[in-house]
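Beneath this line is the structure, given in structure tokens, with notes to follow.
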Amino acid sequence: MRNRLRNLTIYFTNLKFQTLYSTNLQRMPVNKEEVIAQMKRTGVVPVYYHPEVDILMNVVDICYKSGLRVFEFMHQRDNKGPRLFNYIRERIGNYPEIILGAGTVLDDTMTERYIQAGAQFIASPFLRPEMAEVCRVQNTIWIPGCTTVADITQATSLGATVIGILPGNILGPEFVQSVKRQFSDIEFIPSGITDLHPAALSKWFEAGSLCIKLSGLLFPKDAIAVKDWGLVEKSVADNLKTISKIRASLNSVNLI
């Protein structure tokens, strides 16, 4: 009886330790410079959401195996988002060095929820000062979406060092090039890109983009619908290869 009580005590003590360790691991902040460095390394931040967790995890798995180390979970304006995000977070122990963030976050309340769930960066399609404050207090990188120079000026005054440019397909690489000259110490990430041809992609990197965000074009809906993971993997690999060649070519030109 005494041994049984001792074993139970050890079991619950270990269980408590594991729970505390898991919680601390989930909320462990990542160095902001590391987030930026990983985004720059591949030049792509994949953005994705799916209500089926097995599909969601397959996409995360494909991204990781393709060499991507930053993944943005796309919030869907409901309470399911944080639960799905937490599901991913609990399973990314199999993916060393992965940086998991939450995007399309719209307010400070949801910002807080995602950070508590373990988000290592918060991206928003809008500029919301109250979100900036939550991220500042929580020491989490904040990536607001901006469409004008005035937006960017305000975002930098609130502490933003990385800014989303959207809609990219309307503002174009010329806008990024212009604001990069004006805000040389700020990193810019265009999203809403609709053309993945090499000539079009090249312009974004020539303009000085840190990286680009890709979602639907990177993950073909038809392939996802039938769970053709081989085709999804090919799409990701092919696009990463194209972007890698573009960036290598631009780096070679810059060295001349």
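The values are calculated or read from the model by the stated rules, or taken from the named source; none is laboratory data. This structure is a prediction, so every number in the text was calculated from the model and none was measured. Here the Cβ positions follow ideal geometry from the backbone for every residue, glycine too, while neighbour counts run over all protein chains shown.
Would you say I170 is exposed (fewer than 13 other Cβ atoms within 10 Å of the Cβ), without any contact (Cβ under 8 Å) to a residue 40 or more places away in the chain and of a type in the set (V, I, T)?
Answer is yes for this residue.
Considering T242, T194, which residue is assigned by TED's automatic domain parsing to the domain that holds Y48 and not in a helix (DSSP H, G or I)?
T194
Scan the range 197-216 residue by residue and report those that are closer than 16 Å to P46 by Cα and in a loop (DSSP other than H, G, I, E, B).
Residues satisfying the conditions are S209, L210, C211, S215, G216.
Here's the yes/no breakdown for (1) touching a residue at least 12 places away in the same chain (Cβ under 8 Å); (2) more than 20 Å from W229 (Cβ to Cβ); (3) under 17 Å from the mean Cα position of the chain (by Cα):
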residue: I55; (1), (2), (3): yes, no, no
residue: L84; (1), (2), (3): yes, no, yes
residue: I98; (1), (2), (3): yes, no, yes
residue: L106; (1), (2), (3): yes, yes, yes
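Is it the case, given these coordinates, that R83 is part of a loop (DSSP other than H, G, I, E, B), over 24 Å from V236 (Cα atoms) and out of contact with any helix residue (DSSP H, G or I) (no Cβ under 7 Å at 6 or more places or on another chain)?
no
Here's the yes/no breakdown for (1) under 17 Å from the mean Cα position of the chain (by Cα); (2) of a type in the set (S, T, Y); (3) crowded, with 21+ Cβ neighbours inside 10 Å; (4) more than 19 Å from K40 (Cβ to Cβ):
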| site | (1), (2), (3), (4) |
| --- | --- |
| M131 | yes, no, yes, yes |
| I152 | no, no, yes, yes |
| S178 | no, yes, no, yes |
| D185 | no, no, no, no |
| G192 | yes, no, no, yes |
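Taking the condition in contact (Cβ under 8 Å) with a residue 60 or more places away in the chain and of a type outside the set (A, V, I, L, M, F, W, C), does K227 pass?
yes
All but one of (1) crowded, with 20+ Cβ neighbours inside 10 Å; (2) without any contact (Cβ under 8 Å) to a residue 12 or more places away in the chain; (3) among the hydrophobic types (A, V, I, L, M, F, W, C) hold for A37, so report the exception by its number.
A37 satisfies every listed condition except (1).
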